[in-house]
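Enquirer: I am attaching a structure below and will ask some questions about it afterwards.
The values are calculated or read from the model by the stated rules, or taken from the named source; none is laboratory data. The shown structure was predicted, so the numbers you read here are calculated from the model rather than taken from an experiment. Cβ placement follows ideal geometry from the backbone for every residue including glycine, while neighbour counts extend to all protein chains displayed. Surface areas here come from the heavy atoms of the whole protein model, side chains and all, with no ligands, DNA or RNA. Shrake-Rupley method; radii C 1.70, N 1.55, O 1.52, S 1.80 Å.
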Amino acid sequence: MTRFIIIRILQSIIALIGIMVMVFFLVRLSGDPTELIKSPNSTKEQIEAVKIQLGLDKSYAEQFLIFIKDYSRGEFGKSFMQMRPVIEMIGEALPNTLKLGIPSFIIGMVLAFTLGILGAVRRDSIIDNTVKFLAILGQALPGFWVAIIAVLVLSVHWQIFPAAGMDTPLHYVLPVGTMVFFMLPGMMRLVRSSMLDVLDSEYVKLARIKGLPERVVIWKHALRNALIAPLTTAGMIFAGIVGGAIITENIFNWPGMGRLALSSTFSRDFPVVQTITILIAIMVLGANLLVDIAYAYVDPQIRYEKS
Amino acid sequence: MSNVVLQVEDLHTSFFTRMGEVKAVDGVSFLIREGETFGIVGESGCGKSVTGLSIMRLLPEPGGQIVGGKIILEGKNLLELSKKAMRAYRGKIVSMILQDPMSSLNPVYQVGDQIAESVRLHQGLPENMVEPEVISALRLLRIPAPEVRIKEYPFQLSGGMRQRVVGSIAMSCKPRLLIADEPTTALDSTIQAQYIALFEDIQAKTNVAIMFITHDFGVISRICDRVGVMYAGKIVETAPTREIFKAPKHPYTVALIHSVPRLDQKDERLFSIEGQPPSLMNLPPGCRFCPRCTVALDVCKEQQPPEVKISDNHSVSCWRVK
């Protein structure tokens, strides 16, 4: 098991290096940041001076070496636009994102697992049909549209919930609701179908043959097996939280990572975009690793093969 | 005669689907005595497994339903029991072995835990007595090194070994009736022979009544004392095994026995019965085997044949048998 974890960490480091190379060059494909900084009457000399200041006068190869050197020492540079350390900007945005993302993740997963399992256990009941209807509705309606409609109805028309800001718990209702709406349908369907497969299995039949009460059949014999497939998806959703919810944060004017990423991309603020992308990559790789370890915990066969 | 353990009387089980009622079991009666092995043989879809699941009262839901008859186990009609009382019977007084050993054990729990669960549930033993009981259940099925096996997971065992574990679970609480639904079909033939010998031995030790469901007459000849031949939801012939091989009376039984491959005959082509069993949603008015029968009479098309007792323990439903 330890060996398996070490191998997976090494694989993750190699993947991370690949991601850094790609991020560096892809970001530079978006164009020259000085184009956006200069004013109509800036002189060529002034523009050159800015380029030298930002380190953009050097060749790509040199820039890349500097980038690798700085990042490996944990120096993420300064924003081109705000001239502040990137780490400081992320330090402001990340907590806001987590304040939105973590409650949404918890609510989303609890609802998805509860409704998915209930739907499967009471197959074709009212609960199940509601679950199926909600899942189809949720996947068919674009989340941003639902969010805008919710703002129009609940904050503009009826003025129940505020549409922007983050001061009171009430401010959280619409953005958290939007994020849950994004996560819930797919996850709920996945849990339901995974649970249905397991409930149909021979070992669940055998558990009933033994005379076990239905609650033990479902919570002990079925659930643990049904968890295996949805675990990966849950891990990926969790990793995605750090990147911020680009759509939700922009609709609700939420000063988090998603908005920072979007505005930095538009202003060609290379250091910010690079750092955010790499941070997301680290989270995804880390979540993958955690999911693999969780797999080994749930499924003994994986545990034995890996040790 | 020893005591009757199970008596099934005029059992009717149907599946209610969108297309209509499927009469999977349509008036089946038989009995099994202590220490006896009763075989139910027939093609797939004839209702033999559904008969087994009806006795367990574990029909697939929604849709499966027992619509009539009696299932009397040790003097109690199981169809009159509450759900909770029925659960207390399952695994304790009546148990079942399923066909596929690869999928009938839970992959995420240790073998010992899966047996211990039954022991705890039905025997009310103090916790320090559970493990010895589990080990003795594994010993009964002659599983080598049971002390080691209890800590293993199903994927660490071979198919034959897994089926023995399933047998241990079934026998762990000394049931009076064991329903074995094609327990040897998924095993290869040497393992199959061992498994059958094992059950003869277990039966001699425990006097359990066994209902053995199979499509394989070869297996029947090895283990069963008496046989019921099932066709399209009905038992068409019941007789002692020896007699059914020597003097089968129903044309379907004759054809089935004739289609068992034999090493001592040099037939180039294996005999097979022409046609398909009838749809259980749209049964013919007369004898159900009539459309495939080579010796059918006019009356066979119109009326169902009555059951005729040709000796004490041999009965047939065929117009040709008087």
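Enquirer: Could you figure out which of (1) within 14 Å of chain B (Cβ to nearest Cβ); (2) under 23 Å from A:Phe252 (Cα atoms); (3) of a type in the set (Ser, Thr, Tyr) isn't true of A:Thr178?
Expert: It is condition (1) that A:Thr178 fails.
Enquirer: Return yes or no: is B:Glu80 at the interface with chain A (Cβ under 9 Å from one of its Cβ atoms), surrounded by fewer than 20 Cβ atoms within 10 Å (Cβ to Cβ) and free of Cβ contacts under 8 Å to residues at least 12 places away in the same chain?
Expert: Criteria not met by B:Glu80.
Enquirer: Here's a follow-up. Is region A:153-164 home to any residue that is closer than 16 Å to A:Val110 by Cα and either aromatic (Phe, Trp, Tyr) or out of contact with any helix residue (DSSP H, G or I) (no Cβ under 7 Å at 6 or more places or on another chain) (or both)?
Expert: No, every residue in region A:153-164 fails to be closer than 16 Å to A:Val110 by Cα and either aromatic (Phe, Trp, Tyr) or out of contact with any helix residue (DSSP H, G or I) (no Cβ under 7 Å at 6 or more places or on another chain) (or both).
Enquirer: Sticking with this one: Looking at (1) more than 14 Å from chain B (Cβ to nearest Cβ); (2) within 25 Å of the chain's Cα centre (by Cα), find the lone condition where A:Phe133 falls short.
Expert: All conditions are met except number (2).
Enquirer: OK, next. Applying the selection to region B:42-52, what residues are open to solvent by less than 20 Å² (accessible area, probe 1.4 Å) and not in a loop (DSSP other than H, G, I, E, B)?
Expert: Residues satisfying the conditions are B:Lys48, B:Thr51, B:Gly52.
Enquirer: If you scan region A:265-307, which residues turn out to be within 14 Å of chain B (Cβ to nearest Cβ) and part of a helix (DSSP H, G or I)?
Expert: A:Ala294, A:Tyr295, A:Ala296, A:Tyr297, A:Val298, A:Pro300, A:Gln301, A:Ile302, A:Arg303, A:Tyr304, A:Glu305, A:Lys306
Enquirer: Also, I was wondering about something else. May I ask you to list the residues in region B:234-266 that are more than 26 Å from B:Asp10 (Cα to Cα) and either in contact with a His (Cβ under 8 Å, 6 or more places away or on another chain) or not hydrophobic (A, V, I, L, M, F, W, C) (or both)?
Expert: Across region B:234-266, the qualifying residues are B:Lys246, B:His258, B:Ser259, B:Pro261, B:Arg262, B:Asp264, B:Gln265, B:Lys266.
Enquirer: Okay, moving on. I'm told B:Arg162 meets every condition in (1) touching a strand residue (DSSP E or B) at 6+ places or on another chain (Cβ under 7 Å); (2) within 12 Å of another protein chain (Cβ to nearest Cβ); (3) buried (at least 21 other Cβ atoms within 10 Å of the Cβ) except one. Can you identify the failing condition by its number?
Expert: If we test B:Arg162 against (1) touching a strand residue (DSSP E or B) at 6+ places or on another chain (Cβ under 7 Å); (2) within 12 Å of another protein chain (Cβ to nearest Cβ); (3) buried (at least 21 other Cβ atoms within 10 Å of the Cβ), just (1) comes out false.
Enquirer: Here's something else I'd like to know. Which numbered condition in (1) within 14 Å of chain B (Cβ to nearest Cβ); (2) of a type in the set (A, V, I, L, M); (3) touching a helix residue (DSSP H, G or I) at 6+ places or on another chain (Cβ under 6 Å); (4) under 22 Å from A:Leu290 (Cβ atoms) is the only one that A:Val191 fails?
Expert: Among (1) within 14 Å of chain B (Cβ to nearest Cβ); (2) of a type in the set (A, V, I, L, M); (3) touching a helix residue (DSSP H, G or I) at 6+ places or on another chain (Cβ under 6 Å); (4) under 22 Å from A:Leu290 (Cβ atoms), A:Val191 violates only (1).
Enquirer: Mind checking which residues of region A:251-268 are hydrophobic (A, V, I, L, M, F, W, C), buried (at least 20 other Cβ atoms within 10 Å of the Cβ) and either in contact with a Phe, Trp or Tyr (Cβ under 9 Å, 6 or more places away or on another chain) or farther than 20 Å from A:Met179 by Cα (or both)? Step through it out loud before you land on a result.
Expert: If we filter region A:251-268 for residues that are hydrophobic (A, V, I, L, M, F, W, C), which is where we start, we get A:251-252, A:254, A:257, A:260-262, A:266.
If we keep only those that are buried (at least 20 other Cβ atoms within 10 Å of the Cβ) as well, we get A:251-252, A:254, A:257, A:260-261.
Result: A:Ile251, single match.
Enquirer: Follow-up. Any idea which of B:Val321, B:Val295, B:Val308, B:Val316 is in a loop (DSSP other than H, G, I, E, B) and either at pLDDT 85 or above or among the basic types (Lys, Arg) (or both)?
Expert: B:Val295
Enquirer: Please specify each residue of region A:121-176 satisfying the condition of being aliphatic (A, V, I, L, M) and open to solvent by less than 50 Å² (accessible area, probe 1.4 Å).
Expert: A:Val131, A:Ala135, A:Val146, A:Ala147, A:Ala150, A:Val151, A:Leu154, A:Ala163, A:Met166, A:Leu174, A:Val176 - these are the residues of region A:121-176 that are aliphatic (A, V, I, L, M) and open to solvent by less than 50 Å² (accessible area, probe 1.4 Å).
Enquirer: Looking at (1) open to solvent by 50 Å² or more (accessible area, probe 1.4 Å); (2) among the polar types (S, T, N, Q); (3) more than 22 Å from B:Leu78 (Cα to Cα); (4) out of contact with any helix residue (DSSP H, G or I) (no Cβ under 7 Å at 6 or more places or on another chain), which is the one condition that is false for B:Gln192?
Expert: Of everything listed in (1) open to solvent by 50 Å² or more (accessible area, probe 1.4 Å); (2) among the polar types (S, T, N, Q); (3) more than 22 Å from B:Leu78 (Cα to Cα); (4) out of contact with any helix residue (DSSP H, G or I) (no Cβ under 7 Å at 6 or more places or on another chain), B:Gln192 misses just condition (1).
Enquirer: On to the next question. Which residues, taken from region B:102-119, are more than 9 Å from chain A (Cβ to nearest Cβ) and either under 23 Å from the mean Cα position of the chain (by Cα) or within 28 Å of A:Ala296 (Cβ to Cβ) (or both)?
Expert: Of the residues in region B:102-119, the ones more than 9 Å from chain A (Cβ to nearest Cβ) are B:111-113, B:115-116, B:119.
Matches in region B:102-119: B:Val111, B:Gly112, B:Asp113, B:Ile115, B:Ala116.
Enquirer: Are there any pairs, at least 6 apart or on different chains, whose C-beta atoms fall under 6 Å, with the first in region B:31-46 and within 20 Å of B:Leu198 (Cβ to Cβ) and the second open to solvent by less than 20 Å² (accessible area, probe 1.4 Å) and aromatic (Phe, Trp, Tyr), and if so, which?
Expert: B:Ile32/B:Phe38; B:Thr37/B:Phe212; B:Gly39/B:Phe212
Enquirer: Quick one: would you say B:Leu187 is aliphatic (A, V, I, L, M) and open to solvent by 10 Å² or more (accessible area, probe 1.4 Å)?
Expert: yes
Enquirer: Now a separate question. Working only within region A:204-232, note down all residues that are without any contact (Cβ under 8 Å) to a residue 24 or more places away in the chain, facing chain B (nearest Cβ under 7 Å) and either closer than 21 Å to A:Leu190 by Cβ or within 29 Å of the chain's Cα centre (by Cα) (or both).
Expert: If the condition is that a residue be without any contact (Cβ under 8 Å) to a residue 24 or more places away in the chain, facing chain B (nearest Cβ under 7 Å) and either closer than 21 Å to A:Leu190 by Cβ or within 29 Å of the chain's Cα centre (by Cα) (or both), then A:His221 is the only one that fits.
Enquirer: Let me ask you something else. Of the conditions (1) open to solvent by 20 Å² or more (accessible area, probe 1.4 Å); (2) within 23 Å of B:Ala209 (Cβ to Cβ); (3) part of a strand (DSSP E or B), B:Gly39 clears all except one; give me its number.
Expert: All conditions pass for B:Gly39, except number (1).
Enquirer: Also, I was wondering about something else. One residue is enough: does region B:55-68 have a residue meeting the conditions touching a residue at least 60 places away in the same chain (Cβ under 8 Å), assigned to a strand (DSSP E or B) and open to solvent by less than 30 Å² (accessible area, probe 1.4 Å)? Give the derivation first.
Expert: If we filter region B:55-68 for residues that are touching a residue at least 60 places away in the same chain (Cβ under 8 Å), which is where we start, we get B:55-56.
This time we only want the ones that are assigned to a strand (DSSP E or B), so: none.
Within region B:55-68, not a single residue is touching a residue at least 60 places away in the same chain (Cβ under 8 Å), assigned to a strand (DSSP E or B) and open to solvent by less than 30 Å² (accessible area, probe 1.4 Å).
Enquirer: For B:Leu73, all conditions in the list (1) within 13 Å of chain A (Cβ to nearest Cβ); (2) open to solvent by less than 40 Å² (accessible area, probe 1.4 Å); (3) more than 26 Å from B:Val316 (Cβ to Cβ) hold save one; what is the number of the exception?
Expert: Condition not satisfied by B:Leu73: (1).
Enquirer: Related question: Within region A:269-289, track down each residue that is open to solvent by 20 Å² or more (accessible area, probe 1.4 Å) and within 15 Å of the chain's Cα centre (by Cα). Show your work before the answer.
Expert: At the first step, the residues of region A:269-289 found to be open to solvent by 20 Å² or more (accessible area, probe 1.4 Å) are A:273, A:277, A:279-280, A:282-286, A:288-289.
Result: A:Thr277, A:Leu279, A:Ile280, A:Ile282, A:Met283, A:Val284, A:Leu285, A:Gly286, A:Asn288.
Enquirer: Tell me whether region B:242-257 contains one or more residues that are open to solvent by less than 90 Å² (accessible area, probe 1.4 Å), at pLDDT below 90 and touching a Lys or Arg at 6+ places or on another chain (Cβ under 7 Å).
Expert: no
Enquirer: Here is a follow-up. Give the number of residues within region A:110-120 that are open to solvent by 20 Å² or more (accessible area, probe 1.4 Å), under 22 Å from A:Tyr172 (Cα atoms) and of a type outside the set (Val, Ile, Thr).
Expert: Here the count works out to 1.
Enquirer: Can you tell me which residues in region B:129-159 are farther than 28 Å from B:Tyr89 by Cβ, more than 14 Å from chain A (Cβ to nearest Cβ) and under 27 Å from the mean Cα position of the chain (by Cα)?
Expert: B:Ser158
Enquirer: Does A:Leu65 qualify as being open to solvent by 80 Å² or more (accessible area, probe 1.4 Å) and in contact (Cβ under 8 Å) with a residue 60 or more places away in the chain?
Expert: Spelling it out, it is not the case that A:Leu65 is open to solvent by 80 Å² or more (accessible area, probe 1.4 Å) and in contact (Cβ under 8 Å) with a residue 60 or more places away in the chain.
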